[in-house]
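Accompanying notes for the structure given below.
The values are calculated or read from the model by the stated rules, or taken from the named source; none is laboratory data. Quick caveat: nothing in here was measured; it's all calculated off a predicted structure. Positions of Cβ are backbone-derived with ideal geometry, glycine not excepted, and every protein chain shown enters the neighbour counts. For accessibility, only protein heavy atoms count, side chains too; no ligands or nucleic acids. Shrake-Rupley method; radii C 1.70, N 1.55, O 1.52, S 1.80 Å.
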Amino acid sequence: MRTHYCGQLNAGLTDQIVTLCGWAHRRRDHGGVIFIDLRDREGLAQIVCDPDRADTFATAETVRSEFVLRVTGKVRRRPAGTTNANLASGEVEILCHGLEILNAAVTPPFQLDDENLSENVRLTHRVIDLRRPQMAKNLILRYQVARAFRRFLDDNGFIDIETPMLTKSTPEGARDYLVPSRVHPGQFFALPQSPQLFKQLLMVAGYDRYYQITKCFRDEDLRADRQPEFTQVDVETSFMDETAITAMMEEMIRTVFKQTLDVDLPQPFPRIGYAEAMRRFGSDKPDLRVTLELTDVTDAVADVAFKVFSGPATSGGRVAALRVPNGATLSRGEIDGYTDFVKIYGAKGLAYIKVNDITQLNETGLQSPIVKNLHMQALKIIVERTGAQNGDLIFFGADKTKVVNDALGALRSKLGHEKGYLNGKAWEPVWVVDFPMFEYDDENRRWNACHHPFTSPKDGHDAFLKTDPGQCLAKAYDLALNGWEIGGGSVRIHKADVQAKVFEALGIGEEEQQLKFGFLLDALKYGAPPHGGLAFGLDRIVTMMTGAESIRDVIAFPKTQRAQCLLTNAPSDVDEKQLRELHVRLRQKMETQVEVGKG
């Protein structure tokens, strides 16, 4: 029905007859000449309907917004001074010879160029929202990114293999989405949080280079960069160590950015140990564009009179400083605002010192209510370590280590972007490596796996599994970009004796091992190769590339932050017959029935 897409028109087609199909984006009547901006997924084209052609002109007069049209006409250059550099077809227009209305449309719920729409309105009318040129650009870029991933992996010998969507519920860090079985009453499938166990099974089966671009499901609290269903570029390979795996994946990311955005990412990506990242940036996904850094001063304030500092310093916590160059100009209102901000992350407050004169380490040279409670030696160390100069401001975090890292790490990023403490680079990737194997759960008094229980310990760290699990580092690695984690993975355990030690450290007995992971443990007995992998978040990567504020802007039909689909009104009630077939009875309804019976 058409010869070209609207966005494909250019001056090279001048004087050719073309046929276009699309939607009436805008109609303008200019003194007897009607202009229609025709839109399809590739862009816009300007259609000129001249009154000399009475039939087409009469049809053009009836066209309204979002009518579906078929247009035939001659490509001609726009008159001088009327070109539109913002459009791919901006040098030309179509002199309409034939105009057919393929379908009329009712008035849409909003104008496609309205930039003040609420997200609820957009998601409720998602089909119309997806017609907006920006959304079309986002989804086309998403396709191009996925295609670039596939090309790289295909060219490097990886095989695309599907893994099940209905699987066994296993502990992977978040709640599972459960699916009741009709055939097996009282039993449930789980939707996969990742293909983790199946891709390891594929390694044991001999498919040494696997990938898939697949949906994963996690029932967790949502944020701008999370969805209950999300898409991973999932990769696993055998006979490669962590250095080789990260090198290949780095090449893949660099290739994807070059092919889709024509961006040359730095080479090689810097590598930072987890401990260093937390010490300097308070985050395991640091935004290296921000030039501010945290400075540890725990030892310097252990004996000061200020209990807010000395308390955490002497009880295993952390006291850290964040120097803000020329920050003394911050108003009291701004400081109060940043104090409220860090409270989101569990901080009780935000101490600060304004540096007026570093030659006077007292209340004259240093302006703050806390200075009188800090001895001169502590103040000297703080000024020296932070590199503070006159006119600077130093913020402090003092609490449990996690609270300090979370609060000051977030404040560092916020200050950097709000006040311009940036290095000017558009893209700053970084590998974060040498993660801890375990984290201690104070409430349940046990060690938990930081990644998953099949992550391999670093060479030489096996002994810590029994003597001091907190000292054990993992062959785990994350790739962060501009403060977002875009991928993460690890080398897996492939030897039974090491796996047994890890389970022992986690307090997982043989019965529980078989119940939760028996099928994988059995497979590992049959000659498992050394293997490892990594998964990239496709949604996050495309969100960053488009500059969108939320991953919902790069997913065709996303859920809200309450895990709802406003377009289809899902989740929704189902009728009693369906529940009976699944052998499911809703607890709320049961309790209501009991109350009615009592009445």
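Mind telling me which of the residues Arg78, Arg142, Arg131 ends up being under 30 Å from Gln561 (Cβ atoms), open to solvent by less than 60 Å² (accessible area, probe 1.4 Å) and not aromatic (Phe, Trp, Tyr)?
Arg142
Every residue in the stretch 267-291 that is closer than 22 Å to Met437 by Cβ and among the acidic types (Asp, Glu), please.
Hits for the stretch 267-291 are Glu276, Asp284.
Got at least one residue in the stretch 244-254 being in a helix (DSSP H, G or I) and polar (S, T, N, Q)?
So far as the stretch 244-254 goes, yes, one or more of its residues are in a helix (DSSP H, G or I) and polar (S, T, N, Q).
Arg175 - would you say it is basic (Lys, Arg), open to solvent by 60 Å² or more (accessible area, probe 1.4 Å), closer than 20 Å to Gly488 by Cα and within 18 Å of the chain's Cα centre (by Cα)?
Against the criterion (basic (Lys, Arg), open to solvent by 60 Å² or more (accessible area, probe 1.4 Å), closer than 20 Å to Gly488 by Cα and within 18 Å of the chain's Cα centre (by Cα)), Arg175 does not qualify.
I'd like to verify a number: residues in the stretch 255-271 that are in a helix (DSSP H, G or I) and in contact with a Phe, Trp or Tyr (Cβ under 7 Å, 6 or more places away or on another chain), how many?
Of the residues in the stretch 255-271, 2 are in a helix (DSSP H, G or I) and in contact with a Phe, Trp or Tyr (Cβ under 7 Å, 6 or more places away or on another chain).
Identify, please: which residue in the stretch 62-85 is charged (D, E, K, R) and not in a strand (DSSP E or B) and is, among those, nearest to Asp114 (Cα to Cα)?
Per the stated criteria, the residue is Glu66.
Here is a check on your reading of the model: is Phe519 within 26 Å of Ala190 (Cα to Cα), part of a helix (DSSP H, G or I), among the aromatic types (Phe, Trp, Tyr) and free of Cβ contacts under 8 Å to residues at least 60 places away in the same chain?
no
Restricting to the stretch 292-314, name every residue that is more than 35 Å from the chain's Cα centre (by Cα) and either in a loop (DSSP other than H, G, I, E, B) or surrounded by fewer than 17 Cβ atoms within 10 Å (Cβ to Cβ) (or both).
Of everything in the stretch 292-314, those that are more than 35 Å from the chain's Cα centre (by Cα) and either in a loop (DSSP other than H, G, I, E, B) or surrounded by fewer than 17 Cβ atoms within 10 Å (Cβ to Cβ) (or both) turn out to be Asp299, Ala302, Asp303, Val304, Ala305, Phe306, Lys307, Gly311, Thr314.
Just to be sure before I move on: is Phe519 over 26 Å from Thr170 (Cβ atoms) and open to solvent by 60 Å² or more (accessible area, probe 1.4 Å) in the structure I sent?
no
Which of (1) more than 29 Å from Ile128 (Cβ to Cβ); (2) touching a residue at least 60 places away in the same chain (Cβ under 8 Å); (3) in contact with a helix residue (DSSP H, G or I) (Cβ under 9 Å, 6 or more places away or on another chain); (4) open to solvent by less than 80 Å² (accessible area, probe 1.4 Å) is the odd one out, the single condition Glu91 does not satisfy?
In the conditions (1) more than 29 Å from Ile128 (Cβ to Cβ); (2) touching a residue at least 60 places away in the same chain (Cβ under 8 Å); (3) in contact with a helix residue (DSSP H, G or I) (Cβ under 9 Å, 6 or more places away or on another chain); (4) open to solvent by less than 80 Å² (accessible area, probe 1.4 Å), Glu91 misses (4) alone.
Given the options Phe435, Phe395, name the one that is in contact with a Leu (Cβ under 6 Å, 6 or more places away or on another chain) and surrounded by 17 or more Cβ atoms within 10 Å (Cβ to Cβ).
Matching residue, one of Phe435, Phe395: Phe395.
Look through Lys414, Lys425, Lys400 and report the one residue that is open to solvent by 70 Å² or more (accessible area, probe 1.4 Å), in contact (Cβ under 8 Å) with a residue 60 or more places away in the chain, under 28 Å from the mean Cα position of the chain (by Cα) and farther than 25 Å from Val304 by Cα.
Result: Lys425 is the single residue among Lys414, Lys425, Lys400 that is open to solvent by 70 Å² or more (accessible area, probe 1.4 Å), in contact (Cβ under 8 Å) with a residue 60 or more places away in the chain, under 28 Å from the mean Cα position of the chain (by Cα) and farther than 25 Å from Val304 by Cα.
Which residue pairs have Cβ atoms closer than 7 Å, lie 6 or more positions apart in sequence or on different chains, and pair a first residue in the stretch 253-267 that is farther than 11 Å from Phe152 by Cβ with a second residue that is open to solvent by 80 Å² or more (accessible area, probe 1.4 Å) and of a type in the set (Val, Ile, Thr)?
none
State yes or no: is Val308 under 26 Å from Arg552 (Cα atoms) and of a type in the set (A, V, I, L, M, F, W, C)?
Answer is no for this residue.
Within the stretch 110-128, count every residue that is open to solvent by 70 Å² or more (accessible area, probe 1.4 Å) and either in contact with a Leu (Cβ under 7 Å, 6 or more places away or on another chain) or modelled with pLDDT under 95 (or both).
Number of matching residues: 5.
In the stretch 362-375, what count of residues is obtained for those that are in a loop (DSSP other than H, G, I, E, B), open to solvent by less than 30 Å² (accessible area, probe 1.4 Å) and without any contact (Cβ under 8 Å) to a residue 60 or more places away in the chain?
Looking only at that region, the number is 2.
Return the total of residues in the stretch 13-60 being open to solvent by 60 Å² or more (accessible area, probe 1.4 Å), over 22 Å from Arg131 (Cβ atoms) and either at pLDDT 95 or above or part of a strand (DSSP E or B) (or both).
5
Where in the stretch 439-508 are there strands (runs of 3 or more DSSP E), lying fully within it, with 3 or more residues that are open to solvent by less than 40 Å² (accessible area, probe 1.4 Å)?
So the answer is 476-481, 484-491.
Residues in the stretch 180-225 that are outside any strand (DSSP E or B) and closer than 18 Å to Met240 by Cα: how many?
The total comes to 11.
Scan (1) modelled with pLDDT of 95 or more; (2) within 25 Å of Arg142 (Cβ to Cβ); (3) open to solvent by less than 30 Å² (accessible area, probe 1.4 Å); (4) in contact with a Pro (Cβ under 9 Å, 6 or more places away or on another chain) for the single condition Pro192 breaks and write down its number.
So Pro192 meets the others, but not (1).
Any residue in the stretch 442-460 that is more than 13 Å from Tyr477 (Cα to Cα) sitting within a Cβ distance under 6 Å of a residue that is acidic (Asp, Glu) and surrounded by fewer than 15 Cβ atoms within 10 Å (Cβ to Cβ)? List the pairs, counting only those 6 or more apart or interchain.
So the pair list comes out as Asn448/Glu439; Asn448/Asp441.
So if I check each of Asp155, Asp160, Asp208, which one is touching a residue at least 60 places away in the same chain (Cβ under 8 Å), over 23 Å from Asp553 (Cβ atoms) and open to solvent by 40 Å² or more (accessible area, probe 1.4 Å)?
The unique qualifying residue is Asp208.
Out of the residues in the stretch 327-351 meeting the condition of being β-branched (Val, Ile, Thr) and in a helix (DSSP H, G or I), tell me which one is most open to solvent (accessible area, probe 1.4 Å).
Thr329
One residue is enough: does the stretch 254-269 have a residue meeting the conditions of a type in the set (Val, Ile, Thr) and either in contact with a Leu (Cβ under 6 Å, 6 or more places away or on another chain) or open to solvent by 60 Å² or more (accessible area, probe 1.4 Å) (or both)?
no
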